[in-house]
Amino acid sequence: MSRAPRRDAVANREKLLLAALGTLRRDGTAPMSVIAGEAGVGVGTLYRHFRDREALLDALQVRSIAMVARLLDDVMSRAGSGVEALEEFLTGTVRHGSELFLPHHGAPRSQNPEYADLNRQVWQRAGQMVERGRDDGTLRVDLTARDVIMFGSLIAVPMPAVDDWPAVAGRQIELFLDAARRR
């Protein structure tokens, strides 16, 4: 019978993932030792959690796609109309964008089965959100989950040298929603 990981091990893992995210955003080729240093732990601690760079990148992507899946679950459980759900989802992607490390943002495509399962769930839930909007008459009939995922990916991660990204992204969301509404 396996035990749950110790709290300090879970905290170290999260600290390592956040340090890796920031480090890799600045320098995609940063060595593991630099990531460990950014996290304030020894490189041995990093390797105890992630056997190699690929395992670290996979963990970052699983963490990220799980965040998107949770966001969609939350939105779909609360929001009323399809357009309201879409607005809440897109706003949430901007809010969480700096924590995302996904292929649409330049990460290498993960081969991790957990990532693949979560990614399928995200696409399915995005499709359900669009379908809700088609059914309730708030979203145009030709809008697709792909449109939503692609646009969400474009606005999620702040563009370099753009001041007040949430405000800029908010304007883009308004324009997208205007185009996505059924006339």
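The values are calculated or read from the model by the stated rules, or taken from the named source; none is laboratory data. In this text the structure is predicted, and so the values were computed from the model without any measurement. As a convention, Cβ positions derive from the backbone with ideal geometry for all residues, glycine included, and neighbour counts pool all protein chains shown.
Scan the stretch 99-114 for residues that are more than 15 Å from Leu154 (Cβ to Cβ) and part of a helix (DSSP H, G or I) and jot them down.
Matches in the stretch 99-114: Glu99, Pro113, Glu114.
Of the residues Asp135, Asp142, Asp178, Asp117, which single one is part of a loop (DSSP other than H, G, I, E, B) and modelled with pLDDT of 95 or more?
None of the other options fit; the residue is Asp142.
To keep it simple, each residue is scored yes or no on (1) over 20 Å from the mean Cα position of the chain (by Cα); (2) farther than 21 Å from His104 by Cβ; (3) not charged (D, E, K, R).
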residue: Arg26; (1), (2), (3): no, no, no
residue: Leu56; (1), (2), (3): no, no, yes
residue: Ser64; (1), (2), (3): no, no, yes
residue: Met67; (1), (2), (3): no, no, yes
residue: Leu72; (1), (2), (3): no, no, yes
residue: Val83; (1), (2), (3): yes, yes, yes
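Can you say whether Ala66 is closer than 22 Å to Pro113 by Cα, touching a helix residue (DSSP H, G or I) at 6+ places or on another chain (Cβ under 7 Å) and either modelled with pLDDT under 95 or assigned by TED's automatic domain parsing to the domain that holds Leu118 (or both), as far as the supplied structure shows?
So Ala66 passes the test.
Only residues that are under 26 Å from Ala59 (Cβ atoms), of a type outside the set (Val, Ile, Thr) and in a helix (DSSP H, G or I): list them for the stretch 145-161, please.
Matches in the stretch 145-161: Ala145, Met150, Gly152, Ser153, Leu154, Ala156.
Look through Arg132, Arg109 and report the one residue that is crowded, with 19+ Cβ neighbours inside 10 Å, in the same structural domain as Asp73 (by TED's automatic domain parsing) and charged (D, E, K, R).
From the options Arg132, Arg109, the qualifying one is Arg132.
Among (1) farther than 15 Å from Leu21 by Cβ; (2) touching a residue at least 40 places away in the same chain (Cβ under 8 Å); (3) surrounded by 15 or more Cβ atoms within 10 Å (Cβ to Cβ), there is one condition Leu57 misses while meeting the rest; what is its number?
The number of the failed condition is (1).
Is it the case that Val122 is outside any helix (DSSP H, G or I) and either touching a residue at least 24 places away in the same chain (Cβ under 8 Å) or within 30 Å of Asp52 (Cα to Cα) (or both)?
Taking the combined requirement at face value, the residue does not satisfy it.
Could you pull out the residue among Glu88, Glu54 that is under 27 Å from Leu143 (Cα atoms), part of a helix (DSSP H, G or I) and modelled with pLDDT of 90 or more?
Checking each option against the conditions leaves just Glu88.
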